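**Student:** Structure provided below as structure tokens; questions to follow.
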Amino acid sequence: MKAHRTILIKLLENDCDIGYIKRLMGLTNLAYRDFEVLVPDLPKNIQYQLYGLKNYKNSLVFGTVPKRWFAEAWIPLTTLRIYADGSKKGNTTAPVVLDFRNNIIKLHQVCRNVPGFVVKIPMPKWVIERIREGGDIKYAMIGLKNNELYLALVAERAVEPYQPSGYRLVVDVNSWRYGIAWGLIHNGQLVSFKQEKPNLNELLTLYYQAVKRGRKYGALMRIGLHHTTQGKRLRKQAKARMSKIYKVTRDKAYYLASKLVKKALKYKALLIIDDMTEESRRELLEEGLPRDVIKLLMSNLKRFVHQLETLAKWYGVPYEFRRLYSRKCPVCEHELTQLPGRIMVCENCGFKAPRDKVPMYWAIKIENERSQSFYLTET
Ligand SMILES: [Zn+2]
């Protein structure tokens, strides 16, 4: 099985001709749609690269396939790797050269249509780590994201998932309000359990500060004073607070994905992911929270699930997605009643547990049933 991971490296705009990159992105879209791209002023080597997107399709970890006509597609680029011992891998005429002897990456005529034009960037630590883990940087891409220029490096690694031990690591993805719940299960027991979330007070404080400044800015705008120093400052402050919020949840998402995959590796556990984000969104709507706050509480959760899956694949952690109930009794399958404090009780059999632990008991139940049927087929 081949696993992939991607890193984005921001390129300096001074080094690059954005118009040239945009043109290449447009041409990549045409090449992707089977049009022959013959551009007399482009070097042949660069032109050949444009057709590579189809070969990349299955190996890409992020959405770069042009969905619309005239959409700008990221430009696929082949790479040459020169290792510390002088050995080489890849295409010798590749426009992207990863030189591990000097720890630099060289981009040949990718950033500007000038013969012999080279941009050098320092080798990211990320690349060294992926190589150390047995990966190879076979693919690279260049393109614009939110009007900023990036080089994407795609690491590939051949890895087989390990045979899981008796441990199961269950990850229940809710909104940040109640956090991401995880439980480690062994021999039909919940060995450890935790709910992880960012500091919600900090996030909400930032949010209300941003809203307040946004309103003041709006008031200035209505009287035509939004271009004043005060107006500009308010707008800048509101924006800075909103991006800080998303940075906090993004960092938490990456940190948790890495922590949970390490935990699974430590116990050689089977990773079970229960993506409840849609239910959680509905629950927050029912609670009557403002849409902006809901957006904040749901931010970067998709990214978390994606990163968890990417890391599980990369490190050979066996995983599966499974729906686990939180409103149905794991003992008798009767509908559960919710009490204050998110406590769930079964009026039929008396089962009682905190709401976020119910899916863990479902995982244990499924596990028990599975081992019983295994036992039956064995005899
Ligand atoms: Zn019950």
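The values are calculated or read from the model by the stated rules, or taken from the named source; none is laboratory data. No experiment lies behind these values; they were computed from the predicted model shown. Here the Cβ is made from the backbone with ideal geometry for all residues, glycine too, and neighbour counts use every protein chain on show. Please note that ligands, DNA and RNA were not included when accessible areas were found on the heavy atoms of the full protein model with its side chains. Shrake-Rupley method; radii C 1.70, N 1.55, O 1.52, S 1.80 Å.
**Student:** Quick one: which residues, 5+ away or cross-chain, put their amide H under 5 Å from the amide H of Leu271? H built at 1.01 Å from N.
**Tutor:** Distant-sequence amide H within range of Leu271: Leu169, Tyr319, Glu320.
**Student:** While we're looking at this one, here's another question. Between Lys262 and Ile121, take the C-beta separation as r, use R0 = 30 Å, and let me know the FRET efficiency to the nearest 0.05. Present the calculation step by step, with values, prior to reporting the outcome.
**Tutor:** Numbers: r = 29 Å, r/R0 = 0.98.
In this case the efficiency is close to 0.55.
**Student:** For the cross-link pairs Lys236/Lys295; Lys89/Lys125; Lys247/Lys352, which exceed 27 Å when the distance is taken from alpha carbon to alpha carbon?
**Tutor:** Too far apart for the 27 Å limit: Lys247/Lys352.
**Student:** Provide the percentage of antiparallel DSSP beta bridges, counting only those with both residues in segment 204-348; round to the nearest 5.
**Tutor:** Beta bridges within segment 204-348, antiparallel portion: roughly 60 percent.
**Student:** How much length is gained on full extension from Arg291 to Arg33, taking 0.36 nm per residue of separation minus their Cα-Cα distance?
**Tutor:** 89.0 nm
**Student:** Once both labels are modelled 7 Å past Cα along the beta-carbon direction, what's the Ile7-Glu148 spacing in nm?
**Tutor:** A separation of 1.6 nm, rounded to one decimal place.
**Student:** Of the heavy-atom accessible surface of segment 323-366 (probe 1.4 angstrom), what whole percent is carbon and sulfur?
**Tutor:** After summing per-atom areas, the C and S share lands at 51 percent.
**Student:** Right, another one. Loop only per DSSP, at most 15 neighbouring Cβ atoms within 10 Å: give me the trypsin sites (Lys or Arg not before Pro) in segment 294-379, ordered by residue number.
**Tutor:** Details: sites: Lys295, Lys302, Arg303, Lys313, Arg322, Arg323, Arg327, Lys328, Arg342, Lys352, Arg355, Lys357, Lys365, Arg370; in loops: Arg322, Arg323, Arg327, Arg342.
Passing both the DSSP loop test and the Cβ count: Arg322, Arg323, Arg327, Arg342.
**Student:** Rounded to a whole number, what % of the accessible area of segment 147-250 do carbon and sulfur atoms account for, probe 1.4 Å?
**Tutor:** 50 percent
**Student:** While we're on this one: Compute the distance in nm between two label points, each set 7 Å from the Cα along the Cα-to-Cβ direction, one at Val345 and one at Arg250.
**Tutor:** With each label placed 7 Å out from Cα toward Cβ, I get 4.5 nm.
**Student:** Oh, and also: What stretch of the chain, leaving out the sites themselves, is the longest with no chymotrypsin sites (Phe, Trp or Tyr not before Pro) in a DSSP loop having at most 12 other Cβ atoms within 10 Å?
**Tutor:** Between exposed loop sites, the widest span is 71-379.
**Student:** At R0 = 25 Å, how high is the FRET efficiency between Ile366 and Thr337 if r is their beta carbon distance? Nearest 0.05 is fine.
**Tutor:** After rounding to 0.05, the efficiency reads 0.65.
**Student:** Right, something else. Could you give the length gained by full extension between Arg215 and Arg132, i.e. 0.36 nm per residue of separation minus their alpha carbon distance, to one decimal place?
**Tutor:** 24.8 nm is the gain from fully extending Arg215 to Arg132.
**Student:** Here is a further query. Averaged per residue, what accessible area in Å² does the chain show with a 1.4 Å probe, protein chains only?
**Tutor:** Per residue, the chain has 53 Å² of solvent-accessible surface.
**Student:** What is the distance, in nm, between label points placed 7 Å from the Cα along the Cα-to-Cβ direction at Ala84 and at Ala240?
**Tutor:** Each label point is offset 7 Å from its Cα along the Cβ direction, giving 4.2 nm.
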